[in-house]
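The values are calculated or read from the model by the stated rules, or taken from the named source; none is laboratory data. If you're wondering where the values come from, they're calculated on a predicted model, not measured in any experiment. Cβ: placed from backbone, ideal geometry, glycine included. Neighbour counts: every protein chain shown. To get the accessible areas, we keep the full protein, side chains included, count just its heavy atoms, and leave off ligands, DNA and RNA. Shrake-Rupley method; radii C 1.70, N 1.55, O 1.52, S 1.80 Å.
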Amino acid sequence: MNTDTLFPTSVIGSLPRPKWVIDLLLRHQRGELSDVALDDAMDNAVAFAIGLQESAGVDIISDGEWRRIGYFEVFAQRVGGFRRAEYRTQALAPEVVPDTGLSPPQQWTLAEFQQALAAAPMTYTRPIAADGAAYLRRTAQPERKIKVALPSPHMVGGRLWHPDFSRGAYATRRDFIEAVIPVLRAEVLALRAAGVDVVQFDDPWLCFFVDPEHRARFADPDAEVERAIDDLNRVVAGIDGIATALHVCRGNRARTVYANGDYEPIMPALLRADVDQLAMEFAVSQAGDVGIFGAFPTDKAIGLGVVDVRGEIADSPDLIVARVEKALAYLAPEQITLVPDCGFAPTSTNPISLDEAYQKLCAMTEAAEILRGRYG
């Protein structure tokens, strides 16, 4: 997972999308840009995102996730079998339908579900992210490792299946997730072939189970968490040649934290994940304390969230160093990769500027240099 450098640095994935990048994505959605035209335009855009991270000194970089509007919508856009919902009046409540086992952690209106829902059996005929990853590998400096993030099967199942819209294709959400797992597995293999070093599965909803209010919505919240981990383990089982990571956070939209509580309720399940790294946030107070690793020792690599992506003021390098040194009471230096708490812009609507993201990444890489001087 780590580079040859002690305390390597990495982004979680997304960078803020400039308006012109969002405009390109929206024009493509409206049919005004072909797939080829969008890819050509995005190559130019992604080169800028790569340059920003390399200039900041980040060791493990992404394409900023600029080729997609959101971190799970891309699944529906690239995999066949999805179409936009045509009704808007009914509300989607967060209660658990008996035959689903999963539900959204908040209440959305159907208008917000207009991006896509499962409507026919899925077809995986083109990569979800591997084509863009090949460009990232060609364009990034050879010494940089590259990372691509995918939504977890838990996330895809929770957002892209609905009982009133998807039953004709998949009778239950469980049936849908069973079909999602081989699609994600095929994509991991495609990413490996494209030269990707790290594939990261994003699952903020999994981390919502730290919150007593969210847990109360489920008859057996621990079983839900265990099922999500089991599904992820099936995606990555037996695949080598590419490092794997699981990123859990408390949501990040409009500088908001959506769940409160430390990792204790879900930590046993997280440690069961067959991944090389757990990427966990610790810069925000709602996430609890790194002392969780004292209660739950692990030899896994840890993507240590030490940069607050939601606050408007950048953490200083000294504050970031202090956060890492607190974790060193429980983790070896070789286990730790410095990361922001979350992606800077998981959705296109996050009000964070590129300059803010750059400043925070620079502070993180400066902190890494200080740590290397002390512990290298």
Exercise for the section: Hey, can you grab everything whose amide H is under 5 Å from the amide H of ILE61? Only 5+ residues off in sequence or another chain; H modelled, so Pro and N-termini drop out. Expected result: LYS145, ILE146, LYS147
Exercise for the section: Whenever you get a sec, line up ARG185, ARG374, ARG78 from highest to lowest accessible area (probe 1.4 Å, protein heavy atoms). Expected result: ARG374, ARG185, ARG78
Practice task
Using only Cα atoms, locate the centre of segment 220-251 and the centre of segment 1-67, then give the distance between them in Å, rounded to an integer.
Solution key: 25
Problem - Local electrostatic count, PRO212, Cβ distance below 14 Å [Lys/Arg +1, Asp/Glu -1] - result: -2
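If Lys and Arg each add +1 and Asp and Glu each add -1, what is the summed charge of the other residues whose beta carbon sits under 9 Å from the beta carbon of ALA149? Write out the running numbers ahead of the final one.
Working: positive: LYS147; negative: GLU65, ASP202.
My count for the surroundings of ALA149 gives -1.
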Exercise for the section: Under 1.5 on a/c is rounded, so check that first for segment 316-376, then, if it is not, pick prolate when a/b is larger than b/c and oblate when it is not; a ≥ b ≥ c are the square roots of the alpha carbon gyration tensor eigenvalues. Expected result: prolate
Completion exercise
Of the candidate values (i) 60, 48, 40; (ii) 73, 49, 43; (iii) 64, 47, 35, the one computed for Cα extents along the principal axes in Å from this structure is (i)
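Subtract the Cα-Cα distance of ALA37 and SER55 from 0.36 nm times their separation in residues, and report this length gain in nm to one decimal. Before the final figure, lay out the partial values.
Working: separation 18, 0.36 × 18 = 6.48 nm, distance 2.77 nm.
Residue separation times 0.36 nm, minus the Cα-Cα distance, leaves 3.7 nm.
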Handout entry: Inter-label distance, nm, simple model (7 Å from Cα along the C-beta direction), SER316/ARG138
Key = 4.5
Practice task
Classify segment 124-173 as rounded, prolate or oblate from the Cα gyration tensor: take a ≥ b ≥ c as the square roots of its eigenvalues, call it rounded if a/c is under 1.5, otherwise prolate when a/b beats b/c and oblate if not.
Solution key: prolate
Handout entry: Helix-derived mean residue ellipticity, 222 nm - over the chain, DSSP H n ≥ 4, -39500 (n - 2.57), to 500
Key = -11500 deg cm²/dmol
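What FRET efficiency, computed as 1/(1 + (r/R0)^6) with R0 = 30 Å and r the Cβ-Cβ distance, is obtained for ASP230 and LEU6, rounded to the nearest 0.05? Write down the numbers at each step before the final one.
Numbers: r = 34 Å, r/R0 = 1.13.
Efficiency, from the Cβ-Cβ distance: 0.30.
Got a sec? What order do SER34, SER285 fall in by accessible area at 1.4 Å, biggest, i.e. largest, first? Mind showing how you got there, number by number?
Working: SER34 65, SER285 105 Å².
The most accessible residue leads, giving SER285, SER34.
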Exercise for the section: In whole angstrom, note down how far apart the Cα centers of segment 116-161 and segment 303-376 are. Expected result: 25
Problem - Cα-based Lys proximity count in the chain, under 22 Å, for pairs eight or more positions apart or on separate chains - result: 7
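Determine the sum of side-chain charges near GLN53: Lys and Arg each +1, Asp and Glu each -1, restricted to other residues whose C-beta is under 15 angstrom from that of GLN53. Display every interim value, and only then the final one.
Working: positive: ARG17, ARG137, ARG144, LYS145, LYS147, LYS360; negative: GLU54, ASP59, ASP63, GLU65, GLU143, ASP197, ASP355, GLU356, GLU366.
Combined, the nearby Lys, Arg, Asp and Glu give -3.
Sorting THR347, THR139, THR9 by accessible area (1.4 Å probe), largest first, what list results?
THR139, THR347, THR9
What FRET efficiency would be calculated for the residue pair ASP164, ALA219, taking the C-beta separation as r and a Förster radius of 30 Å, to the nearest 0.05? Write out the running numbers ahead of the final one.
Working: r = 22 Å, r/R0 = 0.74.
The computed FRET efficiency comes out at 0.85.
With a probe of 1.4 Å, find how much accessible area the chain has per residue, and write the answer as a whole number in Å².
Values: 14260 Å² over 376 residues.
Using a 1.4 Å probe on heavy atoms only, each residue of the chain averages 38 Å².
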Completion exercise
Rounded to the nearest 10 Å², the 1.4 Å probe accessible area of ARG27 is 90
Practice task
Keeping all protein chains in position, work out how much accessible area GLU366 exposes to a 1.4 Å probe, and write it in Å² to the nearest 10.
Solution key: 100
